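Structure, as structure tokens:
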Amino acid sequence: MPYTVAGPVSQETIERFGHIVSIDLENVWKDEGQLITADGFIRAIDPAPLLPLMDQLLPAIPGAVPLFATAWGDLVVAHSDTPDHALAEKHKLTLVLFRFGFYRHFLNVPVLAFDLLVSEDTQVGPLARDFHGRGVAYADAVAALGVPEIDECFGFVLPLSAGGANEVSNLTRRRLVEHLAFLVQMGGPPRDLDELDPPKTAPDPDDLPERVPTPAESQLIEQGSALLLKVNPTEDFDFRPLPEFGAVYVWQRGFGTGQIIVAPGDEVLYGNSMLSDAQLIELWRQGRRTPIEKFDVRR
């Protein structure tokens, strides 16, 4: 993957944390240093500047070590659930989206996470890049403000947690460390996405009456299924009507698949499997939508 070198990684960092990262990342630290991908979005960073504040920024995960950042100020941190931090296989990677106030565990062993963060085919990439197409696109932020330096990030002047607009006009470039401290002071530390809204236990299908969709619902289900197939070629669908919105909720069964809410007039909201159904519905209630053109629909 194309990248540029953005500065050295301290010898102290290499000696202190080389054992908890992949061999690839340790070699990057030794041979090249901090890296930024060609578009400026993903960064392999030196943890040192953030370390003194990490327990305040992320108290739910004591001892977290930031390895990667995005231009939005998201972090990928390594941490251990065991007291023996020398066991590299016990370390996990967690994506922390400070701007939205939550984090999500996504990998049980440290790897060079560039590919996962950039790829549209993983659960992690789309979540880090633009949170399923909501609000400001990264390209628009760069066009307005340029690419942040390795120690900077884009930040909302009035944070989203305080009702700030998810628009370019509310963006600026800030120092990463100071901005994350500011976000936590304003909105509190990030919380586990699963704990914010734990997945519901699915009822036994045999206990449910058969539900036949109305003609209008059938049309929305067909539209939602077609849109999901453009993202993930999995044809095992299920649906649930959302009469309070005049919409339907359609999802693909299986790991790493998609879900969508569809209403008349091409109103849709897409989410991947990192969000629960209740979280997607709450985003819909808040007025969030995915532009239909993102699915490359022929109109």
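The values are calculated or read from the model by the stated rules, or taken from the named source; none is laboratory data. No experiment lies behind these values; they were computed from the predicted model shown. Note: ideal-geometry Cβ built from the backbone for every residue, glycine included; neighbour counts use all protein chains shown.
Inside the range 167-181, residues that are buried (at least 16 other Cβ atoms within 10 Å of the Cβ) and either closer than 14 Å to L50 by Cα or not assigned by TED's automatic domain parsing to the domain that holds L51 (or both) make up a count of 6.
Among the residues of the range 50-64, those that are buried (at least 16 other Cβ atoms within 10 Å of the Cβ) and not β-branched (V, I, T) comprise L50, L51, M54, L57, L58, A64.
Restricted to the range 143-182, and to residues there that are among the β-branched types (V, I, T) and in a loop (DSSP other than H, G, I, E, B), the residue that is nearest to A38 (Cα to Cα) is V147. Scan the range 76-85 and tell me whether some residue there is part of a strand (DSSP E or B) and either modelled with pLDDT of 90 or more or in contact with a Phe, Trp or Tyr (Cβ under 7 Å, 6 or more places away or on another chain) (or both). Yes, the range 76-85 has at least one match. Of the residues making up the range 22-47, those that are surrounded by fewer than 15 Cβ atoms within 10 Å (Cβ to Cβ) and either farther than 16 Å from T70 by Cα or among the basic types (K, R) (or both) are I23, D24, N27, K30, D31. In the range 237-266, the residues that are on the phi > 0 side of the Ramachandran plot reach residues that are surrounded by fewer than 16 Cβ atoms within 10 Å (Cβ to Cβ) and of a type in the set (D, E, K, R) with C-beta atoms within less than 8 angstrom, at least six apart or across chains, in these pairs: G254/D236.
In a residue-by-residue description of the range 8-21, the property of being β-branched (V, I, T), modelled with pLDDT under 90 and surrounded by 14 or more Cβ atoms within 10 Å (Cβ to Cβ) applies to at least one position. I'd like to know if the range 11-20 contains one or more residues that are in contact with a helix residue (DSSP H, G or I) (Cβ under 8 Å, 6 or more places away or on another chain), more than 25 Å from G146 (Cβ to Cβ) and touching a residue at least 60 places away in the same chain (Cβ under 8 Å). Within the range 11-20 (the criterion being in contact with a helix residue (DSSP H, G or I) (Cβ under 8 Å, 6 or more places away or on another chain), more than 25 Å from G146 (Cβ to Cβ) and touching a residue at least 60 places away in the same chain (Cβ under 8 Å)), the answer is yes, since at least one residue qualifies.
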